[in-house]
1. Compute the label zone of Arg59 within the range 102-130: residues whose backbone N is under 17 Å from the point 7 Å along Cα-to-Cβ.
2. Where does the charge balance sit around Gln145 when Lys and Arg score +1, Asp and Glu -1, over other residues with C-beta under 11 Å from its C-beta?
3. Ignoring ligands, DNA and RNA, what percent of the accessible area of the range 181-335 is carbon or sulfur (1.4 Å)?
4. In square angstrom, what is the accessible area per residue of the range 210-336 with a 1.4 angstrom probe?
5. If I take all pairs of Cα atoms in the range 209-317, what percentage of them are more than 23 Å from each other?
6. Largest first, please: the extent of the C-alpha atoms of the chain along each principal axis, to the nearest Å.
7. So what is the calculated 222 nm ellipticity per residue for the chain, using -39500 (n - 2.57) for each DSSP H run with n of 4 or more, over all residues, to the nearest 500 deg cm²/dmol?
8. Once the Cα gyration tensor of the range 78-169 is diagonalised, what are the square roots of 5 times its eigenvalues, in whole Å and ordered largest first, as equivalent ellipsoid semi-axes?
Amino acid sequence: MPVRTDRQVADGLLPSPVPVRFVAEDGTAVEPPAGYPAPEDGRLLDAYRRMVTGRRFDRQATALTRQGRLAVYPSSRGQEACQIAGVLALRADDWLFPTYRDSVALVARGLDPVEVLTLLRGDWHCGYDPAAARVAPQCTPLATQTVHAVGMAEALRRKGEDAVVMAFVGDGGTSEGDFHEALNYAAVLNAPVVFLVQNNRYAISVPLAKQTAAPALAYKGIGYGVRSEQVDGNDLVAVLAVLDTAVRRAREGGGPFLVEAHTYRMDAHTNADDPTRYRPAGEVEEWESADPLARLEAYLRGRGLLGADGAAAAREAAEEFAARLRDAMSAEPATDPYEMFDHVFADPTPQLREQRDLLAAELAARED
Ligand SMILES: Cc1ncc(C[n+]2csc(CCOP(=O)(O)OP(=O)(O)O)c2C)c(N)n1
Ligand SMILES: [Mg+2]
């Protein structure tokens, strides 16, 4: 039996040798590689407004941790181009499988920000209805969402839906076995799933160079037969163009797609660590000059699509959004402590019943 050694098949899976770019750091257009149609101007303006709101939401959420209103918040400042483009590349009936870092994407998807922050507030559930929103709960165990996403993609296809699934994962997550199993099965099943790796260069304090020796994380696709690409993750136009292509291809039966977006986490891993202990001085400042929001704004202004009034209106809307969030989060949440015993077993185990009784006794003693 002949062994399949078709070099062209392999070449067709390979990412571009340098990250795909449409817009340079100063906001001027560059010549992108062929094969990725440019997104329409209206979508870019929409993306800009969502980025402004997303960044303001992110700052507000960090502030809420300082006020004791949130237990923890992993900021995604600097990663907005990835998160917003990821959402805008999807239809309402497509599914998103996010991580703990992707709250801004959920807000861009139109979910209620208070619901989005429910889990990070310390509740036992994710706040929104995953089936209604077609957004899985934000996942903390690294890369487990990637296998869930493949399962969902295969299930949707078997049901005859033409929906696509997008899984977000971090650079650290690509070292997990689950990530590799997900890529393998996605390719074997030809599942309509897009993996977006937000390579923000750190897994908590572990820098990329200590994480992997791969020339780019996008190369992890080819061994499994997954078409892969790498993109400048701080260039919204490029991320959206590449993801549009990846989603369209998956929807048309072309199979899974792996996109590595090169970006940077501007803030700490969460509000609970001090990044100056593991990041060289000056690194953040260097990345500030590649800020995805400033870049998109400069690009839109340069093309005459956005003026001072439009930018001011976007900022004003973001301020109103943040003020509403702050007010809503200042109210004490209505919680029922017994709910945490529900929904796991139809018939609770004796241990769970015992724990429920213990809680009831403790709460009764407090009321006395
Ligand atoms: C299976 C598993 N192992 C370890 C952890 C602890 N942990 C939480 S976040 C994190 C770093 C993840 O880095 P990366 O995938 O790059 O995502 P980022 O936080 O940068 O978005 C680790 C190791 C975890 N949540 N799950
Ligand atoms: Mg990371």
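1. So the set is 104.
2. Net charge in that neighbourhood comes out at -3.
3. Percent of accessible area from carbon and sulfur atoms in the range 181-335: 51.
4. On a per-residue basis, the range 210-336 sits at 44 Å².
5. So the pairs more than 23 Å apart make up 50 percent of the total in the range 209-317.
6. Principal-axis extents of the chain (Cα, largest first): 74, 63, 43 Å.
7. About -13500 deg cm²/dmol.
8. Equivalent ellipsoid of the range 78-169: 20, 15, 13 Å, largest first.
The values are calculated or read from the model by the stated rules, or taken from the named source; none is laboratory data. Everything quoted here is computed from the prediction, not taken from an experiment. Note that we place each Cβ from the backbone using ideal geometry, even for glycine, and neighbour counts take in every protein chain shown. All accessible areas refer to the heavy atoms of the entire protein, side chains included, with ligands and DNA or RNA removed. Shrake-Rupley method; radii C 1.70, N 1.55, O 1.52, S 1.80 Å.
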